[in-house]
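In what follows, a single structure is set out as structure tokens and then discussed.
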Amino acid sequence: MGVRMGTAAALAVLALIGCQKKEQEPPIRFYGSTVVESTEPIQNEAASIPIGELPFENQDGEPVRLSGLEGSPALLSFIFTRCGMPNMCPAMTQRMAEAQAELTEAERKRVKLISMTFDPEFDTAAVLKKYGEAYGADFECWEFWRGTAEDVKAVMTKSLAWAEPSADGFSHNPVTVLIDGDGKIIEALLSGFWDPKEAVESLRQLLKQSEMEAADARVETSSP
């Protein structure tokens, strides 16, 4: 799997962003500039298990996997509930809430919003559920996942995300990724201030693409 960088210098600066940063960041979006190409299976390098098959649990303690998206495109962000920096986890979670508001009731049944914690020791399923409720999460559409530190790190690494323990909890960069219905990473948004409307439009485009592929498959099957 290769990674194509839009601007090396910009990414070098972004790599230094952490929860300790105090000033408010301007909106920075990398749609189309930083693309994670996932034509090959995304692998957990430590366990040699495809990322889609790694086991997680949601805010209700139910088992979930990226392979279980079953055709539903998704937005996945990495957070920890104790993060108090307004330009980091709270910003990304608020963008998720705004993305959820942009979706129609029908679309909420066909796409997924996922907030994955990299602080599973503190962020139990109950803590994640309370956190989601505080942001008005519709848990049918927007789920909060936790897993082992190793499995979460494997997904983060393939998403250009990182997190390290710090005096305030964690230092990390703000990353949200767009995932297609097969569990493959399409784009990485390296900012807490991505545009919810554009993100939802990307989800809709993936839905249309899936519908077209399904229609083509039906035509091929019915052709003599």
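No value in this document is a laboratory result; all are computed from the given coordinates. This structure is a prediction, so every number in the text was calculated from the model and none was measured. Heads up, the Cβs are rebuilt from the backbone with ideal geometry, glycines too, and the neighbour counts pull from every protein chain shown.
Take peptides 167-179, 98-110, 199-211 and line them up by average Cβ neighbours within 10 Å, highest first, as a rough protection proxy.
167-179, 199-211, 98-110
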message = Check which residues have an amide H placed less than 5 Å from residue 144's amide H, if you skip close sequence neighbours.
response = 59, 115
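With a/c under 1.5 counting as rounded, go ahead and sort the range 58-207 into rounded, prolate or oblate using the C-alpha gyration tensor (a ≥ b ≥ c being the square roots of the eigenvalues; past the cut-off, prolate if a/b is larger than b/c, else oblate).
Verdict is rounded for the range 58-207.
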remark   = As a percent rounded to 5, the proportion of antiparallel DSSP bridges among beta bridges in the range 60-203 is 55 percent
task = Could you tell me whether the range 61-144 comes out rounded, prolate or oblate from its Cα gyration tensor? Rule is a ≥ b ≥ c as square roots of the eigenvalues, rounded for a/c under 1.5, then prolate if a/b exceeds b/c, otherwise oblate.
result = oblate
key: Neighbour net charge for residue 66 - beta-carbon separation under 12 angstrom, K R +1, D E -1   = -2
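Compute the signed sum of charges (Lys and Arg +1, Asp and Glu -1) over the other residues within less than 10 Å, Cβ to Cβ, of residue 201.
Every neighbour counted, the sum reads -1.
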query = In whole Å, what is the distance between the alpha-carbon centres of the range 158-189 and the range 109-133?
reply = 14 Å
query = Could you give the semi-axes, largest first, of the ellipsoid that matches the range 124-217, computed as the square roots of 5 times the alpha carbon gyration tensor eigenvalues and rounded to whole Å?
reply = 27, 17, 14
note = Karplus-derived 3J(HN,Hα) from phi for the range 194-200 (6.51 cos²θ - 1.76 cosθ + 1.60, θ = phi - 60°), whole Hz, x at Gly and Pro, runs 6, 8, x, 5, 5, 5, 5
